[in-house]
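Since the structure comes first, as structure tokens, the remarks are kept for the end.
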Amino acid sequence: MAVVFRKSIRKLELSEEEQGDRWSNEDTLPVPPERQLWGPLQFVELWFLVNMNLSSYSTGSSLMANGLSYWQAIVVIIAGNALAALFAVLNSVSGASSHLGFPIVSRSVWGMWGSYFPILNRILLSVVWYGVQSVFGGNMIYVCLRSIWMDIDDRIPNTLPANIGITSAQFVGFFLFNVLCVIFIWFRPNQLRPYFHGASALVCITQFALLGWAIATSNGWGSVKTTSSEIPPSQLGWSMCSGIMSVIGSIASGILNQNDYTRFAKKPSHVTWSQSLSYTFSGNVTSIIGVLVTAATQKQYGHGEPLWQPSDLFIAIQDQHGSKGRAAAFFLGIVFIFSQLSINVVGNVLAGGLDVAAVLPKYINLRRGAYVIAALSVLPNPWQQLASGSTFLAVLSAYAVFLGPMIGLLCVHFYIIQRQKFHYPDLYTGSSKSCYWYTYGVNWRTVVAWCLAVIPSMPGFVNDANPALYVPTGAQHVYSLSFVLGFVLASVIAFLLHWAFPVEYPSITELEREQEIQGIDPMGERMGAVDVAEGRTEKKMAEASVAGVGGP
């Protein structure tokens, strides 16, 4: 039996061309020069692709469902996206300069073994977010099927428990959408680039058409302006702060692993202004359209209740407008299926798949990792996370609590503690010979900083998860600042701990001297230290530059 098991495991190993060692494989190595092809246009395309989808739309519309008026929700969206763009750019430069992905950069911050903590957290987020995006996409397939068969719920009787958050007919849509995702995941993202371009343009046009229709058929702008806030004035400011954290939380997992995208950049300057402008514009447009459409349609189609989920709005259109409504809902559903396929492929193939590959580099590459994410996505029951607008915002706020400190740690390490330098061989050396080994493979300073930065927001987080538990008002207010507070606290505490207990990172000269002693040619196949402050690679970069750098 043991022999059969070992043979089965060997069959799962990657091919010799892809396979590396315990700390690396083809997908986790620095991007070689011939693949550093992303310029400003590609990063503009990336954010239009990421933001032109139903989750961004629902982030805005759910603010309405949570009690804010249309103008208050718009203020929250603009402020949240401005901060999110700032954090995204800050965490992008290290990848653009070093051409390293998030899992490898994390080793310099958390230690060789400690890096598994943020990587596993990012994998969990990929699983959860993949599931949520698939629910949105599945709902659109359900809308399309309902346009053809209005009695689809009778044709497919519901046999699922009422508290699961989905019917049998809706689950068919979810299943079919995941079949489409499995097909798309097989292709590398660059092979699907023409599709991504077309889908982004089509979704953008459709969103504006939907907005124009909603305003034109619902008493014009008057229907929007009549919406008012349901939140008491004394709580309004804190509610808006909480909404801003939810807006940041909706993209926080993407900000965390920005290096997975920016490692393909031609030069660091290509990821700054291009991302600032494209993220701010695309994020604001999609979310604000969600707010305005929800405000304009809540009286006519929602009987006074904001229909924050697009699928609910499209179903109401089907019910009220007969064959014309069914046709409109069908084509709207098709367009948004395109958008959800785009975000699931890009957000989980390039992100979650690479993270899984970093955990098991001998057996998992980027494509296999993406399939692992897809297979696990049903476990967190993503349907319940979309049960209501307040539940959806609570999920987004929860991301902010834990990811804000992680992003702060990445930024303070790169810009201040490590002075924008990476020592490449050490990032792939799993022993005390690596300067990133720290203490038994874990940088305890980072662990302490992250824990202390998370603690202030935990009482509010617990209260948000279970409102029946009493938490002082002050603690709830702290939770309303969770992402920004965690980012700042983690950065400051990590800097102070590294100042009090300094780590000796080898200089370029010291590293070269050590390589000479070991008989390694610093200008040869392996990569020496890189000064990325000026975006200048001082050693020869080749595709196999660190393939041979392993453990003891």
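The values are calculated or read from the model by the stated rules, or taken from the named source; none is laboratory data. Worth saying up front: this structure is predicted, and the values here are computed from it rather than measured. A quick note on method: Cβ atoms are made from the backbone with ideal geometry, for glycine too, and the neighbour counts reach across all protein chains shown.
Among the residues of region 160-191, what is the count of those that are part of a loop (DSSP other than H, G, I, E, B), crowded, with 17+ Cβ neighbours inside 10 Å and not hydrophobic (A, V, I, L, M, F, W, C)?
2
Is one or more of the residues making up region 217-233 surrounded by fewer than 23 Cβ atoms within 10 Å (Cβ to Cβ), assigned to a helix (DSSP H, G or I), among the small types (Gly, Ala, Ser) and at pLDDT 75 or above?
No.
Taking the condition of a type in the set (S, T, N, Q), in a helix (DSSP H, G or I), touching a Cys at 6+ places or on another chain (Cβ under 9 Å) and crowded, with 23+ Cβ neighbours inside 10 Å, does Ser94 pass?
Yes, satisfied.
Just to verify a result, which residue in region 260-286, among those that are touching a Pro at 6+ places or on another chain (Cβ under 8 Å) and part of a helix (DSSP H, G or I), is farthest from Leu41 (Cα to Cα)?
In this case the residue turns out to be Trp273.
Here are Ile255, Ile334, Ile289: which of them is part of a helix (DSSP H, G or I), of a type in the set (A, V, I, L, M, F, W, C) and buried (at least 24 other Cβ atoms within 10 Å of the Cβ)?
None of the other options fit; the residue is Ile255.
Within the group Gln298, Gln320, Gln309, which residue is touching a residue at least 24 places away in the same chain (Cβ under 8 Å) and either more than 26 Å from the chain's Cα centre (by Cα) or surrounded by fewer than 20 Cβ atoms within 10 Å (Cβ to Cβ) (or both)?
Just one listed residue meets the conditions, Gln298.
What number of residues in region 369-382 are of a type outside the set (Ser, Thr, Tyr), crowded, with 17+ Cβ neighbours inside 10 Å and either over 11 Å from Tyr130 (Cβ atoms) or under 16 Å from the mean Cα position of the chain (by Cα) (or both)?
5
I'd like the full set of residues that are among the aliphatic types (A, V, I, L, M), modelled with pLDDT under 90 and in contact with a helix residue (DSSP H, G or I) (Cβ under 7 Å, 6 or more places away or on another chain), limited to region 158-178.
Result: Leu160, Ile164, Ile166.
Any idea which of (1) modelled with pLDDT of 90 or more; (2) within 19 Å of the chain's Cα centre (by Cα) is the one Ser397 doesn't satisfy?
(1)
Could you check region 27-64 and list, in sequence order, the residues that are of a type in the set (Ser, Thr, Tyr) and outside any helix (DSSP H, G or I)?
Thr28
Between Phe196, Phe136, which is over 24 Å from Val293 (Cα atoms) and in contact (Cβ under 8 Å) with a residue 24 or more places away in the chain?
Going through Phe196, Phe136 in turn, just one is over 24 Å from Val293 (Cα atoms) and in contact (Cβ under 8 Å) with a residue 24 or more places away in the chain: Phe196.
Select from region 130-157 the residues that are of a type in the set (S, T, N, Q) and modelled with pLDDT of 90 or more and write down the one among them that is surrounded by the fewest Cβ atoms within 10 Å (Cβ to Cβ).
By that ranking, first place goes to Ser147.
Could you tell me whether region 416-423 includes any residue that is out of contact with any strand residue (DSSP E or B) (no Cβ under 7 Å at 6 or more places or on another chain), surrounded by 24 or more Cβ atoms within 10 Å (Cβ to Cβ), of a type in the set (S, T, N, Q) and not in a helix (DSSP H, G or I)?
Scanning region 416-423, I find no residue that is out of contact with any strand residue (DSSP E or B) (no Cβ under 7 Å at 6 or more places or on another chain), surrounded by 24 or more Cβ atoms within 10 Å (Cβ to Cβ), of a type in the set (S, T, N, Q) and not in a helix (DSSP H, G or I), so the answer is no.
With the checklist (1) under 20 Å from Phe102 (Cβ atoms); (2) at pLDDT below 90; (3) out of contact with any Gly (no Cβ under 6 Å at 6 or more places or on another chain) in hand, flag the one item Thr473 doesn't pass.
It is condition (1) that Thr473 fails.
Take the residues in region 97-129 that are aliphatic (A, V, I, L, M) and under 16 Å from Phe264 (Cα atoms); name whichever of them is surrounded by the most Cβ atoms within 10 Å (Cβ to Cβ).
Ile104
If you check Ala265 against the conditions, is it more than 22 Å from Leu49 (Cβ to Cβ) and not acidic (Asp, Glu)?
Criteria not met by Ala265.
Applying the selection to region 459-481, what residues are hydrophobic (A, V, I, L, M, F, W, C), surrounded by fewer than 18 Cβ atoms within 10 Å (Cβ to Cβ) and part of a loop (DSSP other than H, G, I, E, B)?
Ala468, Leu469, listed by residue number.
Could you tell me which residue of region 424-444 is surrounded by the most Cβ atoms within 10 Å (Cβ to Cβ), considering only residues that are aromatic (Phe, Trp, Tyr) and in contact with a strand residue (DSSP E or B) (Cβ under 9 Å, 6 or more places away or on another chain)?
Residue satisfying both the conditions and the ranking: Tyr428.
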